[in-house]
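**Student:** Starting off with a structure, shown below.
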């Protein structure tokens, strides 16, 4: 299980060896001659051989192999191996993070401390070596009990491994002198304690996947211990370590970051679907250009009690724009029904009683006409924000025209629309004049000067 300890003053992980360093293993010979043509048998290389070289340049990484350097055929094996490492460490969902490993390290290093009574020490070690099988069975049972009822990808993957196999894994961990699997992501990567963890992770994964068919695992890669070691180092000492440091510095931030990530993803998918529906229904490009911006849409979150997706209020959006988006959601369902589209339909978003705005809700689209906003909200925007909107003509007609089912505004080209509805659609919107723009630029310069002056003061104080 992840430790809940917290301690200040610990140093960040030291840079350890980088076994994932790429080596050139192909191309022309030094004299520029073409390599001989491979036979069909030679061309069908073993997958593990392909893992040793990747001609594509990839960014350097501190530890292990960079994800972009992992062969495409090994991606699924890598993903399942990462889930497996999470299972060993008790990290059953993405928001779980590793804490400080001080207690586990102390228990591990106790066997290396000098003793005056060697006979008693040997008796203790023998006694402790007899219990791992019993403790391992308990650990395996506990792990599967905690996974039961979870439906995320991590839990689903881990539950495919039988209790007997988990028992053998936890027995190996116990016999190695570890009280639990808990890598030290705050200490040296190449410590004996961390090397034992790496060895256990890669050898037990190889053992399980060689004797058990795990969907998605390619045994040519899972038996390549060098590649697994590189994958382990990058996942543990980069991915998990960054989350652990972030959480230690700001508790709760990892869960919030993941939650925001889901919100961004959901909002982006919503934007794509609405834009596609608008195109299907013949809405003009100027409207679709607004819809394709994720910031034009409200975000949502899942109710932990009912499982429903409830929308957050979108501050400042004009009422008729909100009506348009609700209409597109309804029309999308009808289009799917008529086309007999198979597969899961988009989840219904509950809009009757919206949640208060989230931090994401206040984002505004970068390229939107003024009529997208409520008049009062728009007139309180900054000079620069209002000036940016002035570059775009109105996209929708006035609300009363939009709501008139007999109106033919959608069929007008941009020039005809602007001539007929442009002025009325922007009535009441206050755009900045040249004097306001100049004043805004002057204020920015003053702020920059103030910052420079503050830096000079700070420099003087340090001197």
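**Student:** Based on alpha-carbon atoms only, what is the radius of gyration of the stretch 227-331 relative to the globular estimate 2.2 N^0.38 Å?
**Tutor:** 1.47
**Student:** Indicate the gyration tensor shape class of the stretch 150-210 (rounded, prolate or oblate), computed on the Cα atoms with a ≥ b ≥ c the square roots of the eigenvalues: a/c under 1.5 is rounded; otherwise a/b larger than b/c is prolate and the rest oblate.
**Tutor:** Taking the square roots of the gyration eigenvalues as a ≥ b ≥ c, the stretch 150-210 is prolate.
**Student:** Tell me whether the stretch 139-243 comes out rounded, prolate or oblate; compute the Cα gyration tensor, take square roots of the eigenvalues as a ≥ b ≥ c, and use a/c under 1.5 as the rounded threshold.
**Tutor:** Rounded shape, in that the Cα axes give a/c under 1.5.
**Student:** Using a Förster radius of 22 Å, what is the FRET efficiency between residue 73 and residue 162 based on their Cβ-Cβ separation? Nearest 0.05, please.
**Tutor:** So the FRET efficiency works out to roughly 0.25.
**Student:** Right, next: With a point put 7 Å past each Cα toward its Cβ, work out how far residue 410 is from residue 362 in nm, to one decimal.
**Tutor:** For residue 410 paired with residue 362, the spin-label model returns 3.6 nm.
**Student:** Could you rank the peptides 280-292, 162-174 by their average count of other C-beta atoms within 10 Å per residue, with the highest value first?
**Tutor:** The peptides rank, most packed first, as 162-174, 280-292.
**Student:** Another question, then. When a/c reaches 1.5 or more, the comparison of a/b and b/c decides; with that in mind, is the stretch 256-432 rounded, prolate or oblate per its Cα gyration tensor?
**Tutor:** Note, shape of the stretch 256-432 comes out oblate.
**Student:** So if we plug the beta-carbon distance of residue 401 and residue 380 into 1/(1 + (r/R0)^6) with R0 = 30 Å, what FRET efficiency do we get, rounded to 0.05?
**Tutor:** The formula returns an efficiency of 0.75 here.
**Student:** Okay, moving on. Where does each of 177-188, 302-313 land if you order them by average Cβ count within 10 Å, highest first?
**Tutor:** Final packing ranking: 177-188, 302-313.
None of the figures in this text is laboratory data; all of them are computed from the coordinates on show. Computed from a predicted structure; not experimentally measured. Note: ideal-geometry Cβ built from the backbone for every residue, glycine included; neighbour counts use all protein chains shown.
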